[in-house]
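Note sheet for the following structure.
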Amino acid sequence: MRARSINNIMKIFKDLRVIILLLASAPIAAQDVGPPDSAADEKKGASSGSLLDGIAAIVNEGVVLSSEFRRQLKMIKQRAEEGKIPLPPANILNDQVLERLVVEEVQLQRAQRVGIQISDQMLNDAIANIAQSNDIAFEDLPDMLAKDGINYGDYRSEMRRQLTLDQLRRIDVMGRIAVSDREITQCLADIEDNMVVNSEYNLSHIFLSAPDSAPSDEIAAAEKEINDLYEQLQAGESFPALAARYSNGETALQGGALGWLKGEALPTLFFDVMDQLEMGDVSKPLRNVSGFHIVRVNELRSAVQRSEIEQIKVRHILIQPNQIIDDATAQQRLQDAKDRIEGGEEFGEIAKLLSDDPGSANDGGSMGWTGPGTFVKEFESVANQSEIGAVSDPFRSQFGWHILEVEERRTYDNTEDLKQSNCVLRIRNSKLASETEIWSRRLRDEAYVEKRI
């Protein structure tokens, strides 16, 4: 039970990106989930029992505390022990952990400068999603963490930290990666012709950083090292052990594990070699603009290609209370609007005149076809319970007061939409590693760093 829980719980580094994309894509954000832990309580919980006993590194105007270094080192060792992953010698491991904390501190300072803040709502949503994906009741999570020696305040602090970093990367890197129509068309053609897309892969990865902009001797040294690592793997050396010791990838200290990835969403660099690899195979060293890579296929399986979702076509009228219009007035105005619609007036015309939603008012309140999870809980609940053509009673959400009408329902085959969105994701992912490496390296090079351990 202990091994299963800690392995599931500590999936945060892989799960967060998916959750952030889901939360960020919703037109109306989801409500708070779970206990209303405040940031102050979280900070208090994170620091309880911890002695801030020194400085591990000075980073610009900030510091990496020795206590944080020890906590991260302890967590990594615990995860490695649970996963039976060999770790590098202590001096190498210590340097890897401290360098990671230095790079994160540089990025967190950048996030603060650009004004990124993770609300308790987003933090709770992320934790709830991870708990649900691992079949853990949200209310049981603090006790389960405690049994594994993990303080819930520490866990929340680490989650907030990783969410902040991922939002920063999405803004500074992912948001600036362009995907052309030509690239999407080519990707869709590749999908039709390539059987890799019909599979899912459990992969591990060794990455040696050597961007095109690096000095030639640095690139040559990295190339020699990746070839040496490949020969060691061919001779039977442990992939997780070599990844933990030598890889510059984000999952190095997890043995390079990337987890399960759909074939159609693989980075192009990996996608192009997957049809040559079987379970247990290791690729020859691969080169792209960010450095050198080796990928291992741990497992593979068939992927389901067809996908259907239940969709609704809904329109609504929103009135937002303000200094002039209080809740009671907003509710009454919508009740009057409902009475007029039921008396024969056109919903769309009233929406154009009355609705405070700038995204839908000009379209008569229409929000188009939407799938599950698009709207906040209150809105989705009313929409799901409404009969087609019936106007709901006024109801409240975090955005104000609404009435809505469900125009149609359908079962929609979204396979082609998924292919296109996966192509966009795949193209961005193929550029993301190199762009992130260049961005991260630039921030690190521009920072003042003084390591003290």
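The numbers here are math on the coordinates, done by the rules we state, and not lab data. Owing to the predicted nature of the structure, the values given are computational and were not obtained by experimental measurement. As a convention, Cβ positions derive from the backbone with ideal geometry for all residues, glycine included, and neighbour counts pool all protein chains shown.
Based on the mean of other Cβ atoms within 10 Å per residue, sort peptides 163-171, 72-80 so the most packed one is first.
Ranked by mean Cβ neighbours within 10 Å, highest first: 163-171, 72-80.
If you average 1/r across every pair of different Cα atoms in the stretch 308-413 and take the reciprocal, what Kirkwood value do you get, in Å?
Hydrodynamic radius (Kirkwood, Cα only) of the stretch 308-413 equals 13.8 Å.
Of the peptides 93-102, 109-118, how do they stack up when ordered by the mean number of other Cβ atoms within 10 Å, highest first?
93-102, 109-118
Taking the Cα atoms only, what angle lies between the long axis of helix 120-133 and the longest principal axis of the chain, rounded to 10 degrees?
Approximately 70 degrees, to the nearest ten.
Considering Cα pairs under 8 angstrom that are at least six residues apart, work out the relative contact order of the stretch 308-413 and quote it in whole percent.
Relative contact order for the stretch 308-413 comes out at 46 percent.
Starting from the Cα-Cα distance between Glu82 and Phe395, subtract it from 0.36 nm times their residue separation and give me the gain in nm to one decimal.
On the way: separation 313, 0.36 × 313 = 112.68 nm, distance 4.89 nm.
Length gained between Glu82 and Phe395: 107.8 nm.
Which label belongs to the value computed from this structure, given these candidates for Rg and Dmax of the Cα atoms in Å: (1) 25.3, 81; (2) 26.5, 86; (3) 26.1, 118?
Computing Rg and Dmax of the Cα atoms in Å and matching it to (1) 25.3, 81; (2) 26.5, 86; (3) 26.1, 118 gives (1).
Run lengths n ≥ 4 of DSSP H only: what is the helix-derived mean residue ellipticity at 222 nm for the chain, with -39500 (n - 2.57) per run over all residues, to the nearest 500? Working shown, then result.
On the way: 16 runs with 228 residues, N = 453.
Mean residue ellipticity, 222 nm, calculated: -16500 deg cm²/dmol.
Where Lys and Arg each count +1 and Asp and Glu each count -1, what net charge lies around Arg176 among other residues with Cβ under 12 Å from its Cβ?
On the way: positive: Arg169, Arg170, Arg428, Lys431; negative: Asp172, Glu435.
Combined, the nearby Lys, Arg, Asp and Glu give +2.
Give, rounded to the nearest 20 debye, the magnitude of the charge dipole that the chain has about its Cα centre when Lys and Arg contribute +1 at Cβ and Asp and Glu contribute -1 at Cβ.
Working: 51 positive and 74 negative charges, 290 e Å.
Here the chain has a charge dipole of around 1400 debye.
List the residues, sorted by chain then number, that are 5 or more residues from Ser307 or on another chain and whose placed amide H is less than 5 Å from its amide H.
Amide H neighbours of Ser307: Asn414, Thr415.
How much net charge surrounds Gln72 when only other residues with a Cβ under 11 Å from its Cβ are counted (Lys, Arg +1; Asp, Glu -1)?
After counting each charged neighbour, the total is +3.
Going toward the positive end of the dipole of the stretch 223-362, with +1 on Lys and Arg Cβ and -1 on Asp and Glu Cβ, which of Phe347, Val282, Ile312 do you reach last?
Checking the options against the dipole of the stretch 223-362, the answer is Val282.
Relative contact order for the chain: what percent, with Cα pairs under 8 Å and sequence separation of 6 or more?
20 percent
For the residue pair Gln109 and Asn198, what label-to-label distance in nm results when each label sits 7 Å from Cα along the Cα-to-beta-carbon direction?
5.3 nm
When only DSSP loop residues count, what GluC sites (Glu not before Pro) in the stretch 188-258 have their Cβ near at most 15 other Cβ atoms within 10 Å?
Taking the stretch 188-258 and a limit of 15 other Cβ atoms within 10 Å, the loop GluC sites (Glu not before Pro) found are Glu237.
Report the calculated FRET efficiency for Asp413 and Arg301 (r = Cβ-Cβ distance, R0 = 30 Å), to the nearest 0.05.
With a Förster radius of 30 Å, E is 0.85.
If I fit a long axis through the Cα atoms of helix 66-83 and take the longest principal axis of the Cα atoms of the chain, what angle between them do I get, 0 to 90°, rounded to 10?
Tilt of helix 66-83: around 90 degrees.
Please label the shape of the stretch 384-453 as rounded, prolate or oblate, based on the square roots a ≥ b ≥ c of the eigenvalues of the alpha-carbon gyration tensor (a/c under 1.5 means rounded; beyond that, a/b larger than b/c means prolate, else oblate).
oblate
What is the distance in Å between the Cα centroid of the stretch 60-119 and that of the stretch 316-369?
The two parts, judged by their Cα centres, are 50 Å apart.
What is the distance in Å between the Cα centroid of the stretch 123-194 and that of the stretch 385-453?
11 Å
Over the stretch 83-166, what is the mean sequence separation of C-alpha contacts under 8 Å (at least six apart), divided by residue count, expressed as relative contact order in percent?
Numbers: 29 pairs, mean separation 30.8, N = 84.
Relative contact order, the stretch 83-166: 37 percent.
How do 440-449, 372-381 rank on mean C-beta neighbours within 10 Å, highest first?
372-381, 440-449
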